[in-house]
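Take a look at the structure below.
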Amino acid sequence: MQSPSVTQRAKPPVPHIRCLSDPDLLNPEVQAPGKHKSNERLQLAHRALLVVEAPSSRNGRKIKHFLNSLRIDVKVVSKSKTFPPLSSKKSARYAVIVFENYNSYLKLDSWSRQLIDKYCRDYHVGIVGFIRPPREEGTHVSFVDGYQLTIQYKLELEDIKLNFDSYVWRVLKPGEVWKGFLPGKWAVFHSNHSTYQNLAYSRLSSHFLEFDASDDSYLHGFKYVTSVMDKGEIDGIPKILFGNDLNFWLHTVMMVDTLSYLSFGKLELSLDRYIQIDVDDIFVGKEGIRMTVDDVEALVATQDRLQKDVDGFQFNLGYSGGFYLSGNDDEDEGDKKLLEHRNKFRWFSHMWKHEQPHKFPDDYVENSMRLNKDFAKEHKISVYGQYTVAPHHSGVYPVHEPMYKLWKEVWGVKTTSTEEYPKLMPAWQRRGFIHSGVMVLPRQTCGLFTSTIFASDYQGGLQGLDTAIQGGETFQTVLTTPISIFMTHLSNYGNDRLALYMLESLVRFIKCWTNLRLLSLPPVELGFKYFEMFPQEKEPVWTNPCDYYRHKELWPVNKTCDRLPDFIVVGPQKTGTTALYSFLSRHSSVTSNKPSLKTFEEIQFFNSNNYYLGLDWYMDFFPQRKKPNDTILFEKSANYFDSEVVPRRVSALVPRAKIVVLLMNPAKRALSWYYHMRYHKDPTALNTSFHDIITAGEDAPSKVKRLQSRCLAPGLYAQHLVRWLDYFPAKQIHIVHSDELKNDPVSVMENLQKFLHVEPQINYARYLRYDPVKGFYCVVLDSGQTECLGKSKGHKYPPMDKASERHLRRYYKKHNTNLSKLLASFNSEVPEWLKQELKEVTPGKS
Ligand code: A3P
């Protein structure tokens, strides 16, 4: 029996894009992509300076996001603000300068203008400028003083073509004509000076009021120059000017080439674009929306055609065997046909019944994976087991550890893909990461979902789909993303076969308008390629699954996000962190992490390889709260303070956590650390005197130099605090002065409780008692006895020799001065030791 949607099916739309450069059409000439890289050794950073009209300006934001989507780092500055330093150590910090409004460049005050122009000339930096329409009504012509250039504003234009001979084009393939009205009001350029090269031409819209019908060339001649290059013959600064903003699709491709051209290839993108197409839900679709025999044949035929344009192309079919032959008669024949053609495709496993692993017990998930594996065996499907995809992104991110484990056990999975890392939106920020040996690649969307069955289901119908392909969102994704993995669904290949229409049209459009080379690779090779391109992404950045609604839905219901610290004592080492930890743990409303087998009271998650063990591993150190806020959770790991990566990782996972830092004289801290190493029988510390360690020079043995760095670097307090301030507001950071903790712990604990908002606030005078034998305060137990820290804390060693004291005073001088300035932002008083140090190094000053 046939379902109505099958019998009533109209003919699927047929891709209709033709290039002017198609051999059987006009203009078979082909221009080789421009070469932008220079042999000169130019010192340009991979960064752009963007001058916006105001921080909130819409166009400014659009330009910034576009540059970011190309992975170009952007420094944004408002036109009214002072420019940031442009160069450092004889190299340019910005490879190009972009003006959201070129007029703002022309109207810069003379000091800023000189600064920018000199920088551009000295470092061969070019300027990109967008022309914004002036406020005055009607069209308007202005002459740009000193530049032999006339700009005419607010024209309405239609159709556009590019200067075929310009060497700016690299990604863009000139030769096509874009037909239709150009969005918005346009500025056009006119000049006879040889410094100018016209880049794009358009013609006046026939709707335009001032259109002169008596002059035929208005209609037929492309005589309006919408974009121009100034080679810099007049002022030594190359510039590329656009007669409108980036909202016109062609301007984005022109911008890609502009950035590359003006930066001598520094901001150049590869011409290679890898594409992977996954067809999800094989056998899963509901009866009536699945593939029939004809659809399967169309899939095969399209794959054959695509293979000519996309090197190595093959559809990846993700199957769930549990739904085999569950459609109507026509569709069941379609299932069988798919199996007949099984060897033409690359198959990957889904779950047996498309279940989301994070919602089921581990043994059920394992059984589902194995049933799907048995199905493949029974039906002679040779599955590419190293790639898989989880239904609805389940378990990929946030990571569901059992799923990764079973993937590897059952299938030997090495690669997967998701849209959920770090977040679904904005799409251009999606990234990859590696966890537990599985490469997770970012996946893109092409607007085709399970429910996009007919063209009318697409937003804006077939025209909407065409817009996305012809310069719109889908095209932009391929333009800006070196490796695009698109997820489509079985239903997009039956019915109106929208996926086939989309793919063929997209490939043709890219071929018409760009020199991009379309390629495809098996998923694991694509994974290697991805992390070869972006090695910095290998490391994951864990975020709180409950901070984002989509992640929360993918987090197992039996798990909480509550087992995370409310505050962290970050060190540095030897400043009294263990004493503080034990004092805090004495409070009935404060709970520390469980001890670690390897590192005792410290977890050392954010600073070490433990980070790669994942969130579950970390959360397991914290008790489950019985009810929200019933206790304050904390951990202390004294190495966090001076680690490069820790502030960023902590703020990603627990952005609202409070941070507690302890500070003491860094010279004394260094001595205490040295004796700590000797106590732990470090051979280098045992064989080298303190003075020799701290004064070791370049030619010292590497072991000594390593020890020196670990001994002295944590004491560069200001430098580390500034890094914490990059990620946390000062009011979230509390400073404890170690001397006060040692001598007057009761008032330290009083202040700390206030900062942490601990309830009830207790009087620590009842819980801490000075122990004359230990020489330190110790915790008073319920039994009334005191419990002091072990032998390794507060041990006896000789005082520092005078020469070392002098050396370290000089060594820390600048850093201590910086610290004294920084302390004010934490509302912290300057401690006695610091006053003393500053006095000693600035004789004569109080
Ligand atoms: P020394 O052992 O060099 O004296 P950390 O726990 O961060 O490694 O710091 C150890 C230092 O804490 C000790 O260094 C000691 O001086 C100091 N400290 C402060 N209060 C203490 C206390 N109540 N008990 C023991 N040590 C304390």
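Across the range 806-825, what is the total count of residues that are under 17 Å from Asp642 (Cβ atoms) and under 34 Å from the mean Cα position of the chain (by Cα)? Residues in the range 806-825 being under 17 Å from Asp642 (Cβ atoms) and under 34 Å from the mean Cα position of the chain (by Cα): 4 in total. Cβ separations smaller than 8 Å between residues 6+ apart or across chains give no pair from the range 719-733 residues that are farther than 13 Å from Phe641 by Cβ and among the charged types (D, E, K, R) to residues that are buried (at least 16 other Cβ atoms within 10 Å of the Cβ) and modelled with pLDDT under 95.
A single entry from Asp726, Asp682, Asp692 fulfils the requirement of being open to solvent by less than 70 Å² (accessible area, probe 1.4 Å) and away from the ligand (no atom under 12 Å from the Cβ): Asp682.
Residue pairs whose Cβ atoms lie under 6 Å apart, sitting 6 or more positions apart in sequence or on different chains, and linking a residue in the range 734-762 that is within 16 Å of the ligand (Cβ to nearest atom) to a partner that is modelled with pLDDT under 95 and open to solvent by less than 30 Å² (accessible area, probe 1.4 Å), are Ile735/Phe826; Ile735/Ser828.
Out of the residues in the range 562-588 meeting the condition of being assigned to a loop (DSSP other than H, G, I, E, B) and open to solvent by less than 20 Å² (accessible area, probe 1.4 Å), tell me which one is farthest from the ligand (Cβ to nearest atom). Per the criteria, the residue is Leu564. Taking every residue in the range 258-284 that is free of Cβ contacts under 8 Å to residues at least 12 places away in the same chain and under 18 Å from Leu500 (Cα atoms) and pairing it with any residue that is part of a strand (DSSP E or B) and open to solvent by 10 Å² or more (accessible area, probe 1.4 Å), at least 6 positions away or on another chain, yields no pair with a Cβ-Cβ distance below 9 Å. Here the condition is being open to solvent by 30 Å² or more (accessible area, probe 1.4 Å), in contact with a helix residue (DSSP H, G or I) (Cβ under 7 Å, 6 or more places away or on another chain) and within 16 Å of the ligand (Cβ to nearest atom); of Leu789, Leu768, Leu781, it holds for Leu789 alone. Let me spell it out: the conditions are (1) more than 15 Å from Ser582 (Cα to Cα); (2) within 16 Å of the ligand (Cβ to nearest atom); (3) under 43 Å from the mean Cα position of the chain (by Cα); (4) assigned by TED's automatic domain parsing to the domain that holds Val748, and His795 meets all of them except one. Which number is the exception? Condition (3) is where His795 drops out.
Restricting Leu441, Leu518 to those that are in contact with an Asp or Glu (Cβ under 9 Å, 6 or more places away or on another chain), open to solvent by less than 10 Å² (accessible area, probe 1.4 Å) and not in a helix (DSSP H, G or I) reduces the list to Leu518.
Quick check: is even one residue across the range 540-554 farther than 22 Å from Glu644 by Cβ, crowded, with 18+ Cβ neighbours inside 10 Å and of a type in the set (Asp, Glu)? Scanning the range 540-554, I find no residue that is farther than 22 Å from Glu644 by Cβ, crowded, with 18+ Cβ neighbours inside 10 Å and of a type in the set (Asp, Glu), so the answer is no. Of the residues that make up the range 268-285, is at least one under 29 Å from Gly412 (Cβ atoms), open to solvent by 30 Å² or more (accessible area, probe 1.4 Å), part of a helix (DSSP H, G or I) and modelled with pLDDT of 95 or more? No: zero hits. Beta carbons closer than 8 Å, at least 6 apart along the sequence or on distinct chains, never pair a first residue in the range 377-400 that is in the same structural domain as Ala652 (by TED's automatic domain parsing) with a second that is aliphatic (A, V, I, L, M).
Based on what the data block shows, is Ala696 of a type in the set (Gly, Ala, Ser) and under 35 Å from the mean Cα position of the chain (by Cα)? In short, no.
Residue by residue, here is whether (1) more than 27 Å from Glu268 (Cβ to Cβ); (2) surrounded by 21 or more Cβ atoms within 10 Å (Cβ to Cβ) holds:
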residue: Tyr119; (1), (2): no, no
residue: Val144; (1), (2): yes, no
residue: Leu157; (1), (2): yes, yes
residue: Pro183; (1), (2): yes, no
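The values are calculated or read from the model by the stated rules, or taken from the named source; none is laboratory data. From a predicted model like this one, the values you see are computed outputs, not experimental measurements. Heads up, the Cβs are rebuilt from the backbone with ideal geometry, glycines too, and the neighbour counts pull from every protein chain shown. Heavy atoms of the whole protein, side chains included, go into the accessibility calculation; ligands, DNA and RNA do not. Shrake-Rupley method; radii C 1.70, N 1.55, O 1.52, S 1.80 Å.
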